[in-house]
Each structure stands twice: as structure tokens, then as C-alpha cells.
Amino acid sequence: MSKNLTLDEVKKHKDEKSVWIIIHNDVYDVTKFLEEHPGGADSLLEVAGKDGTQAFEDVGHSDDARELLKKYKIGTLPPGERCKIITDCSRNSSEKSWRTYDGSPASSRRMPCKSEYKPPTSPRVDRRISTIVVPRERCGRSPPCPPPRSSKLKWAVVALAGALLIGIVLKKYLN
Ligand code: HEM
């Protein structure tokens, strides 16, 4: 069983001398990993002595990185101190709260709040919509679709050709 470590204890380890980070309620001592961290020492120091769950998940660390975590685990938060990072959209990402965390890694990712959501306004989409051609049979039942201009012209040409043909035939027989 891993050692129970309180938030107050974790908070004391917030500089290069000793860096403890909480990720998904487990406490990691990454002091020796600072210089090795591919994301730089600064990103670890930013969450030193605090909960780094969201920062860790936001980067989208690989399975290897998650495996590596085990090497640095030194304890866990007692159930009474479990933190949940409810990221309120009225806060900055640097103003995370200490509240119970009970979700899976994916659920800790920050979703845009309703007020922040902007529907995509890509001009490409608009262009695509404006060129949609509605097939005639889908125009609706009433009123019926007017025949396209090219169709009227076609019938005029056919009628003219027919009249011409009849004229020629009649002329031939009358002679
Ligand atoms: C505390 C435990 C942590 C461990 C063991 C760890 C481990 C790693 C590893 C192995 C990588 C290489 C890429 C990968 O395999 O995903 C990486 C990259 C990175 N990590 Fe961490 N990390 C930790 C925490 C954090 C935190 C709290 C942050 C905060 C932002 C962070 C930010 C980054 C960044 C920015 C990269 C670089 C990504 C890139 O350049 O592609 N890491 N980390």
C-alpha cells in the first residue's frame, strides 16, 4: 500500500530542491527527473507542490510517460484530501481549484464552456452551402417547380423543327 501524503506536505515541495507533483491523486517526487524531462524542467516546476493532473493530461503524454510515472510515485492522497480539478471557465488555467478529482484521465481535459463555444465560420463551408443544387423532385409538392429556362427553349426548337418538317412535306405533296 502506498504512503498517504497530505496536501500540506505536498505543498512544501515546490522548488528545484524538491519537486512533488500530484497526478490523479497520486504523489510523485520528480526532483531527479527535472533535467531529464523532455518537456523541460519549467513545466514541472510550474505545478510543483500542486496538482498537475490537467497540465499532464493537456500535453497528451504517451503510454511510456505514464509508465515512467510509476518510477517516481512516493505516495497517494488520503481519500479525504482527494482533489478534483473542476476547471471553471471563468477561471484562468493557472487558477485551478483544489477539489475532489474522480474522473478518468480523459475527463480531466478541459471542454469549452457554452459561452466560449463558437460555431465554425469557415468561408469554405459557406461557399459549399451556396452551391448546393436542390434536385427538382425535392423542390416540394406545392407550388410545383417552374421548368428551367433551358427546357422551354428546347421545346421551342423541337416545335419549330416539327413545323418546318410538316411544311416541307405538305409543300412536296401539294406540288
Ligand atoms: C510528473 C510527471 C511527468 C512525467 C513522468 C513526464 C514525462 C514526459 C515524457 C516521457 C515526455 C516525452 C513525450 C512522451 O512520451 O509523452 C514528456 C514530454 C512533455 N511533457 Fe511531461 N512528464 C510529466 C509531467 C509533465 C507536466 C506536469 C507537464 C506540464 C505541462 C509536462 C509537459 C510536457 C511537455 C510540454 C512535453 C513535450 C512534448 C513535446 O515536445 O512533444 N509534463 N513528458
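What follows is calculated from the coordinates using simple rules that are stated; it is not laboratory data. All values derive from a computational prediction rather than experimental measurement. Counting neighbours? That spans all protein chains shown, and the Cβs are built from the backbone with ideal geometry, glycine included.
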Using only the Cα atoms of segment 36-83, what semi-axes does the equivalent ellipsoid have when each is the square root of 5 times a gyration tensor eigenvalue? Give whole Å, largest first. 19, 14, 11
Packing-ranked peptide list from 4-14, 50-60, 158-168, highest mean Cβ count within 10 angstrom first, is 50-60, 4-14, 158-168
For Tyr28, Tyr72, order by how many other beta-carbon atoms lie within 10 Å, fewest first: Tyr72, Tyr28
Express in nm, to one decimal, how much length is gained between Lys14 and Leu174 on full extension, taking 0.36 nm for each residue of separation and deducting their alpha carbon distance. 46.2 nm
Counting only the backbone N, which residues of segment 52-83 are under 20 Å from the spot 7 Å out from the Cα of Asn4 toward its beta-carbon? 73-83
